[in-house]
Structure formats: structure tokens, C-alpha cells
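Before any comments, here is the structure.
The values are calculated or read from the model by the stated rules, or taken from the named source; none is laboratory data. What you see is a predicted model, and the numbers here were worked out from it, not measured in a lab. Here the Cβ positions follow ideal geometry from the backbone for every residue, glycine too, while neighbour counts run over all protein chains shown. The accessibility values were calculated without ligands, DNA or RNA, using every heavy atom of the protein model including side chains. Shrake-Rupley method; radii C 1.70, N 1.55, O 1.52, S 1.80 Å.
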Amino acid sequence: MATLLRSKLSNVATSVSNKSQAKMSGVFARMGFQAATDEEAVGFAHCDDLDMEHRQGVQMDILKSDGGEEGAEPPLEGDIHYQRDGTGPLPPSASKEGGVCSELSGQGKPKITAWEAGWNVTNAIQGMFVLGLPYAILHGGYLGLFLIIFAAVVCCYTGKILIACLYEENEDGEIVRVRDSYVDIANACCAPRFPTLGGRIVNVAQIIELVMTCILYVVVSGNLMYNSFPNLPVSQKSWSIIATAVLLPCAFLKNLKAVSKFSLLCTLAHFVINILVIAYCLSRARDWAWDKVKFYIDVKKFPISIGIIVFSYTSQIFLPSLEGNMQNPKEFHCMMNWTHIAACILKGLFALVAYLTWADETKEVITDNLPSTIRAVVNIFLVAKALLSYPLPFFAAVEVLERSLFQDGNRAFFPNCYGGDGRLKSWGLTLRCALVVFTLLMAIYVPHFALLMGLTGSLTGAGLCFLLPSLFHLKLLWRKLLWHHVFFDVAIFVIGGICSISGFIHSLEGLIEAFRTNAED
């Protein structure tokens with residue numbers, strides 16, 4: 001009797017604990033902590049892990065081996081092409097109400113409203129890297145402003161067609177969601193000959209973008225501190241080393257719960273900083289140099305500006321996860337419209353008024369143009385935001401690398417970096433530290449914010465936002481597309497490809513030249 005009573009009391013306590021965790025998770029989600037952070041579209045990095053195909057593919061392998069029929073074919077790597085209408089097997093941990101985020105919510109994934117989803121998208125495309133847009137206007141003039149508008153329209157459109165690739169008609173003619181992530185779409189396009197090739201390409205592009213984002217955070221931290229305290233005998237490289245020393249504990253991260261609590265405050269602080277910059281520019285409206293805004297472009301440097309503008313709009317990485325977590329996915333298109341319209345207006349105004357204020361003296365990071373009396377205060381806040389934002393892309397990149405190279409079962413390239421007790425092995429920790437040091441070395445040898453941002457935008461930004469969505473849309477849904485959709489997809493692919501190649505070549509040339517100059521010094 002006593003044993004039975006203890007058992008019931010234990011069950012009640014466990015139930016209460018789980019419910020309280022679920023409520024707390026829901027509260028944080030409603031407040032925007034679920035993904036309210038980071039400019040590089042890694043707001044859903046922990047929830048989506050940027051490689052859901054990998055985790056769920058392994059889960060389905062286990063399901064087949066444990067309870068499947070004998071002789072049944074094992075699922076392909078990364079295959080999560082289960083039927084959401086209930087016609088196929090669905091792993092418990094991959095279900096709609098108990099997905100990979102169940103560890104955070106306790107009893108299921110909290111859904112978000114269209115406004116909360118819009119907040120996530122706004123954080124992705126209105127983040128810290130907006131500070132480089134006035135520099136793009138410096139080399140592009142009015143064409144740069146047009147490109148800000150054009151990029152907003154195209155990224156909004158490609159985000160919608162990317163989500164359309166997640167759905168297919170079933171036998172009853174109903175539209176059902178048969179894919180869950182960007183990688184699933186890529187794998188579906190390459191099947192059946194190369195069922196995992198597309199996913200690997202997307203994962204590589206995501207890793208490059210995430211690592212480059214980490215490098216940019218170190219670069220901007222060193223740049224801002226150096227320009228805030230020019231009288232101190234500390235070089236920009238030394239400030240970057242100090243920033244990296246602060247970031248070294250990121251190698252010990254096990255999850256992002258602690259970091260995510262600061263994300264909302266960081267984002268709000270950044271919006272306040274943008275308002276302060278615009279207010280200062282408006283106070284000097286009488287001195288605006290309208291005659292300096294050109295109708296012609298700098299042929300050598302404008303392609304770099306293209307990459308900067310494209311990189312500031314990247315959000316496609318997490319859109320599939322975001323749409324899947326919305327209470328009403330039908331509101332996704334409306335949400336994309338108003339977020340990108342708002343981003344276009346705010347970015348255009350910010351870039352224009354900042355350039356009109358400083359004209360040809362506009363620097364790569366616009367806050368470096370502020371008077372010394374307020375520059376230090378503003379830059380310190382930006383450095384704090386950069387340092388607090390660094391763990392998000394770093395953790396996402398580490399998780400993708402670990403799952404792809406060290407935890408892929410029999411297909412892993414290297415031994416598992418985790419021990420039997422779940423602890424990270426010493427050599428695994430060494431590799432994490434090496435990744436932090438790598439971001440430092442890149443920041444030291446190529447301390448050029450605009451060049452790095454342009455290179456990343458031209459390489460991975462244009463690929464993930466322009467080229468791949470239009471290509472996947474044509475491949476998966478071409479039989480159902482209207483002629484104008486086909487025209488738009490082909491035009492975006494061609495124009496995006498030309499801009500991507502041109503921007504990549506010019507950015508790479510600039511980086512090579514900068515690398516040689518720093519090596520000589």
C-alpha cells in the first residue's frame with residue numbers, strides 16, 4: 001500500500017513538473033524568445049537544427065528496425081517524406097505535436113501567431129548588418145536604392161515559393177505538407193538518383209553562411225571598439241583577439257536556453273540604436289548632399305554592394321520551420337508581405353539618410369561616422385549585441401558539423417565526439433575551440449566588414465535566397481505553374497546567377513588583395 005502511494009505521488013509530481021515546464025516554454029514563446037534573434041536567419045537554429053532531415057531520418061531508421069515489417073526497405077538518409085494525412089508511419093518525436101522541440105516545451109511545440117512569426121522574420125532581415133547598407137549606396141547611388149526594393153520583392157517571392165515546395169496533393173486532391181525543411185526540398189529535387197546530394201549542398205551552404213556570420217561578428221566587434229577608442233594603444237586586431245577571448249566559452253555550450261533569454265533585449269537595443277542614428281541624421285538635414293547621390297555606379301565595387309544588400313535579406317533558411325510552427329499557416333503569405341514591405345521602407349530610408357549625411361565619407365560600418373561624443377556609447381551597445389549574438393550561428397554550425405561528420409551512425413566520417421554518458425570528448429571540445437580560433441584568424445587577416453558581407457551574400461545568400469528556391473519550384477511544381485510563375489522563376493534564376501557570380505568574383509578579388517596587404521604588414 002505504501003509502495004502504491006509513493007508511486008502515485010511520484011507520478012503526480014512528474015505531471016506537475018512537466019506542465020509547469022510547458023507553461024514556461026509557452027510564455028517565452030509568446031514573448032518572442034522562441035526565435036526573436038539574429039540577423040542571419042538562425043532564429044530557429046536550435047528548434048530546426050538546420051538539418052532536420054538528418055535527425056528524423058535516423059529516427060525512422062530506428063522505427064523500421066524496431067517495429068517495422070521484415071524485409072521492408074530502410075528509408076533513405078534524410079528521408080522524412082512521411083504523409084501528414086496519416087497514410088504513413090510517423091515517429092513520435094517527429095510528430096506535429098511532439099517534434100524535435102519537445103525537449104523544450106515538455107508536452108509539445110507551442111504554436112506562434114502571424115505577428116510572432118513576423119517578429120522572427122523582422123529580426124532576421126532587420127538586424128545588425130543593416131549598418132552596412134549606406135556603404136552600398138556609396139557605390140551604387142540610386143541603383144543601390146532600387147536594388148534594396150528589388151531584393152525585398154524577390155526574397156518575399158522566393159520565400160513563398162519555397163514554402164509551396166513543402167506541399168503536394170494527395171490522392172484525394174487535398175494539399176498536404178509532405179516536407180519539413182529546406183534540406184527535404186533539396187533531397188526531393190535530386191531524388192531518385194542522388195537522394196541526399198541536394199541536402200548536403202544546402203547543409204554546406206548553411207554552414208558557410210553561419211561560419212561567415214560568426215566571422216563578421218568578430219570583425220565588427222574589433223572595428224567598433226577600435227573606432228570608439230582611437231587614442232588607446234590597441235589595434236583593431238588586438239580588439240578582435242579580446243572579443244574572441246570573451247567568446248571562447250561558446251565552445252562549452254550544450255544548448256541555447258541561457259543565450260536566448262538575452263535575444264529580445266539585444267534586438268530592442270539595436271532598434272533603439274537605429275533610431276538614434278536616424279535622429280542624428282535628421283538633425284543635419286540642412287546639410288544633406290543630394291548632389292552626391294549618383295545615377296551611375298562604380299563598376300568595380302557595386303557588385304560587392306549587391307552581396308551586402310542580398311545578405312541583409314536572408315531568411316529562407318528558417319522559413320520552413322517558422323511556417324510549420326504557425327497557428328494558421330494560411331497567414332504566412334500575408335506575414336511575408338508586410339514584413340518585407342516594412343523592411344524595404346526602413347532599410348531604404350536608413351541607407352539614404354545616412355548616406356546623405358556623410359556622402360563620400362560614408363564608412364563600412366555607419367556608426368563609425370558618428371561624432372566621438374556619442375560614437376563610443378552606441379558602438380559599445382553594438383559590440384555587446386554582436387558578442388551575445390555570436391553563440392547562435394556558432395552553435396548551429398557546430399551542431400550541423402557534429403551530426404554530419406561525427407554522429408551519422410555507420411555513415412559518419414569520424415568517430416562519435418560524444419562519450420557513452422553524453423559528455424563531449426576532449427578532442428571534440430578541441431575542435432569547437434578550433435572553430436572559434438578560425439573565426440578569429442579570418443577576422444584578423446581579412447578585417448573588412450563590407451568585403452566579407454558582400455562575399456557571403458553573393459555566395460550563399462544569393463544561392464539560398466534566389467537560385468535554389470526558383471530552381472526547386474520549377475523542378476517540383478512545374479506542371480502546375482502558370483506561365484508568369486515560370487517566367488519569374490527563370491528570370492530570378494538568371495539575374496540572381498549573374499549578380500551572384502559578379503559579386504563573388506569582385507568580393508574575392510578584394511579579399512585576396514586585403515589578405516596580401518595584411519600578410520605584408
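What is the set of long-range amide H partners of Lys425 at a cut-off below 5 Å, with H atoms built 1.01 Å from backbone N? Those qualifying (amide H under 5 Å, at least 5 residues apart or on another chain) are Tyr418, Gly419.
Report in % the part of the accessible area of region 199-326 that belongs to carbon and sulfur, leaving out ligands and nucleic acids; probe 1.4 Å. Solvent-exposed carbon and sulfur of region 199-326 make up 70 percent of the total.
Rolling a 1.4 Å probe over the protein chains gives Ser235 an accessible area of about 50 Å².
Applying the Karplus relation 6.51 cos²θ - 1.76 cosθ + 1.60 with θ = phi - 60° to region 235-244 yields 3J(HN,Hα) values of 7, 5, 4, 5, 5, 5, 5, 5, 4, 5 Hz, where x marks Gly and Pro. Under the combined filter of DSSP loop state and at most 15 neighbouring Cβ atoms within 10 Å, region 422-506 retains none of its chymotrypsin sites (Phe, Trp or Tyr not before Pro).
Using the Karplus relation 6.51 cos²θ - 1.76 cosθ + 1.60 with θ = phi - 60°, the per-residue 3J(HN,Hα) values for region 213-229 come to 5, 4, 4, 4, 5, 5, 4, 5, 5, x, 5, 5, 5, 5, 7, 7, 10 Hz, with x marking Gly and Pro.
Full extension of the segment from Phe150 to Glu174, taken as 0.36 nm per residue of separation minus the current Cα-Cα distance, would add 5.2 nm.
Amide H contacts of Ile112 (H built 1.01 Å from N, in plane; Pro and chain starts excluded): Met326, Gln327 sit under 5 Å, all sequence-distant by 5 or more or on other chains. For region 288-363, a crude dipole built from +1 on the beta carbon of Lys and Arg and -1 on the beta carbon of Asp and Glu, taken about the Cα centre, is about 140 debye to the nearest 20.
Phi-derived couplings, Karplus 6.51 cos²θ - 1.76 cosθ + 1.60 at θ = phi - 60°, listed residue by residue for region 323-332: 5, x, 9, 7, 4, 10, x, 5, 8, 4 Hz, with x used for Gly and Pro. Solvent-accessible surface of protein heavy atoms, probed at 1.4 angstrom with all chains present, puts Cys266, Cys334 in the order Cys334, Cys266, largest first.
The mean accessible area for residues of region 145-190, using a 1.4 Å probe and ignoring ligands and nucleic acids, is 35 Å² per residue.
Solvent-accessible surface of region 195-342, taken per residue with a 1.4 Å probe and all protein chains present: 46 Å².
Over 20 Å apart at the Cα level, from the set Lys160/Lys475; Lys254/Lys425; Lys330/Lys475; Lys160/Lys385; Lys301/Lys363, are Lys330/Lys475; Lys160/Lys385. For region 122-195, the fraction of 1.4 Å probe accessible surface lying on carbon and sulfur atoms is 62 percent. On full extension, the segment bounded by Ala491 and Ala384 gains 34.4 nm, given 0.36 nm per residue less the C-alpha separation. The Cα center of region 296-337 and the Cα center of region 200-238 differ in position by 22 Å.
Normalising the average separation of contacting C-alpha pairs (under 8 angstrom, six or more residues apart) by the number of residues puts the relative contact order of region 135-259 at 10 percent. In the context of the full set of protein chains, region 444-497 has a per residue accessible area of 44 Å² (1.4 Å probe). Loop-located trypsin sites (Lys or Arg not before Pro) across region 154-248 with a Cβ neighbour count of 10 or fewer within 10 Å are Arg193, with loop assigned by DSSP.
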